[in-house]
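Everything below concerns the one structure shown next.
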Amino acid sequence: MNQLEALAYRFRRFAELECRDSSPLYERLSTCIADDPQLLELATHCAEGQPPPNLFLGAAHLVLLENPSHPLSAYYASLAESPEDREGAYSHFRSLCLEHSERIVETVSTRLVQTNEVGRCAVLLPAFAIVTARSATRELAFVEVGASAGLNLLWDRFHYEYGDDARWGDPASPVQLFCEPRGEPMPGIAAPPPDVVLRVGIDLDPVDVGDTEAVSWLRALIWPEHRQRVAALEGALRLADAETPTLIAADALDALPGVLDSVPPDTALCVFHTHTLNQFPPAGRRRFGEILDEFGARRDLYVVSIERHGAQQERVGALLELTAYEGGRKTSLALGRCDNHGMWLDWFGGAA
Ligand SMILES: C[S@@+](CC[C@H](N)C(=O)[O-])C[C@H]1O[C@@H](n2cnc3c(N)ncnc32)[C@H](O)[C@@H]1O
């Protein structure tokens, strides 16, 4: 398989496995790109190690957001109130990419596919509620590994709805999250939020919410039909303007031990990570577990994670897990399975 054939395969697979049921427009565009050598040639400039379809479609979306009067805008739900049928989109998409090929190449060769998915907090919240209930103090410290822009460290400032019955948080929050509850009934989430006394994020390449280009790229990576994700991102960015969590630019394997040691001893400590460990090499994942085990042997610690497991990960979502180190004893519990963007949570039951 030559380079263009390999790229065509990636776009076709992306259309089938990731876009179907989630973005009809991207499904259509990706299928057409796979048969278009000129656009595949542009996609050869994608940075190594990055998924070309996400990067390329994100770069085109960025150009479109910068040029909203282009006829392609009529097909994007991010720009048109009632988008045109996707069947007519490709010729305009092609023109946009060829007219702005330099901007596309510059973007795909320098940017990473790095989002900050605020909706995942709707999956984290019930796990954080368990952590709060099990902690000896109501003062909590949160450390996020792979924090991106650090927006999910502001989780207690958001408002949450789980179907018709369960709500939590400030109803006036600029971030309104909706998550469909599935499976067993979730445990109750106590009304008063805990006092979050520390919010620290570690990321290899943190996104600076004060950098307008970086923020535009975060928006461009959200698929056009996903208006709820854009609204959540915009709201969280507004909150971050007022209270930016501390972000440390480092490999978590280097920085985490020092960060954990610096957390005040009289707080309950929770480390969380979402869709991050898949970016660690296997030896890094093992080392990460060892760091937590070593620390958890010395001090109580809760680790909440949403990570994808298994070969069919695109189809079955991710797993929500809680590992508790209490009095030197480690227990791990799979709490549920969830949508990659936090749109639904299938609660397994059995959590204390
Ligand atoms: C897919 S993003 C998820 C971001 C965020 N957790 C979310 O759910 O929106 C993964 C993040 O992990 C970061 N990352 C990958 N390897 C890392 C490492 N070794 N140390 C720290 N951060 C890392 C990346 O830079 C990226 O921001």
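If we count every other residue with Cβ under 15 angstrom of residue 70's Cβ, Lys/Arg +1 and Asp/Glu -1, where does the sum land?
-1
Quick one: length gained pulling residue 231 to residue 99 fully straight, 0.36 nm per residue minus the C-alpha distance?
The span from residue 231 to residue 99 would gain 44.6 nm if fully extended.
Under 15 Å from a point 7 Å along the Cα-to-Cβ line of residue 136: which residues of the stretch 245-269 have their amide N that close?
Counting backbone N atoms under 15 Å from the label point, the list is 264-269.
What is the distance, in nm, between label points placed 7 Å from the Cα along the Cα-to-Cβ direction at residue 212 and at residue 13?
Roughly 3.9 nm, to one decimal.
For residue 35 and residue 254, compute 0.36 nm times the residue count separating them, minus their Cα-Cα distance, and round to one decimal in nm.
Extra length available between residue 35 and residue 254 comes to 74.4 nm.
Between beta-carbons, use under 15 Å as the cut-off and find the net charge around residue 135, counting Lys and Arg +1, Asp and Glu -1.
Result for the local shell: -3.
Shape of the stretch 3-110 from its Cα gyration tensor (a ≥ b ≥ c, root eigenvalues): rounded if a/c is under 1.5, otherwise prolate when a/b > b/c, or oblate?
oblate
Using only the Cα atoms of the chain, build the gyration tensor, take square roots of its eigenvalues as a ≥ b ≥ c, and label the shape rounded, prolate or oblate: rounded if a/c is under 1.5, else prolate if a/b is larger than b/c, else oblate.
The shape class here is prolate.
When the helices in the chain are scored as -39500 (n - 2.57) per DSSP H run of 4 or longer and the sum is shared across all residues, what 222 nm value do you end up with, to the nearest 500 deg cm²/dmol?
Computed mean residue ellipticity for the chain: -11500 deg cm²/dmol.
Residue-wise, which Karplus ³J(HN,Hα) couplings in Hz belong to the stretch 9-14, taking 6.51 cos²θ - 1.76 cosθ + 1.60, θ = phi - 60°, and x for glycine or proline?
3J(HN,Hα) across the stretch 9-14, in whole Hz: 4, 4, 5, 5, 4, 4.
Out of 176, 104, 202, whose Cα points farthest toward the positive end of the dipole of the chain (charges: +1 Lys, Arg; -1 Asp, Glu; placed on Cβ)?
Checked the options; the winner is 202.
Under the 0.36 nm per residue contour assumption, what length would be gained going from the current alpha-carbon distance of residue 170 and residue 6 to full extension?
That works out to 54.2 nm of additional length.
Could you state the angle between the C-alpha long axis of helix 89-99 and the longest principal axis of the C-alpha atoms of the chain, as a value from 0 to 90 degrees rounded to the nearest 10?
Once rounded, the angle reads 80 degrees.
Rounding to the nearest 10 and keeping the result within 0 to 90°, find how far the Cα-based axis of helix 252-261 lies from the longest principal axis of the chain.
With rounding to tens, the tilt is 30 degrees.
In the Gaussian network model of the chain, springs joining C-alpha atoms below 10 Å, which of 265, 68, 281 carries the largest mean-square fluctuation?
281
Calculate how steeply helix 227-242 sits against the longest principal axis of the alpha-carbon atoms of the chain, using the helix alpha-carbon long axis, and give the answer as 0 to 90 degrees to the nearest 10.
Roughly 60 degrees, rounded to the nearest 10.
Could you compute the net charge surrounding residue 213? Neighbours are other residues with a C-beta less than 15 Å from the C-beta of residue 213; K and R count +1, D and E count -1.
-2
Which distance in Å, rounded to a whole number, links the C-alpha centroids of the stretch 131-180 and the stretch 40-71?
32 Å
Would you work out which of 147, 249, 124 lies farthest towards the positive end of the dipole of the chain? Charges go on Cβ: Lys and Arg +1, Asp and Glu -1.
With unit charges placed on the Cβ atoms, the residue in question is 124.
As a test, work out the antiparallel percent of DSSP beta bridges whose residues both lie in the chain, rounded to the nearest 5.
Restricted to the chain, the bridges split so that about 45 percent are antiparallel.
Residue 286 to residue 190: FRET efficiency via 1/(1 + (r/R0)^6), r the Cβ-Cβ distance, R0 35 Å, to the nearest 0.05?
0.50
Laboratory data are not the source of any read-out in this text; all were calculated from the coordinates shown. Just so it is clear, the model here is predicted, and its values are computed rather than measured. Positions of Cβ are backbone-derived with ideal geometry, glycine not excepted, and every protein chain shown enters the neighbour counts.
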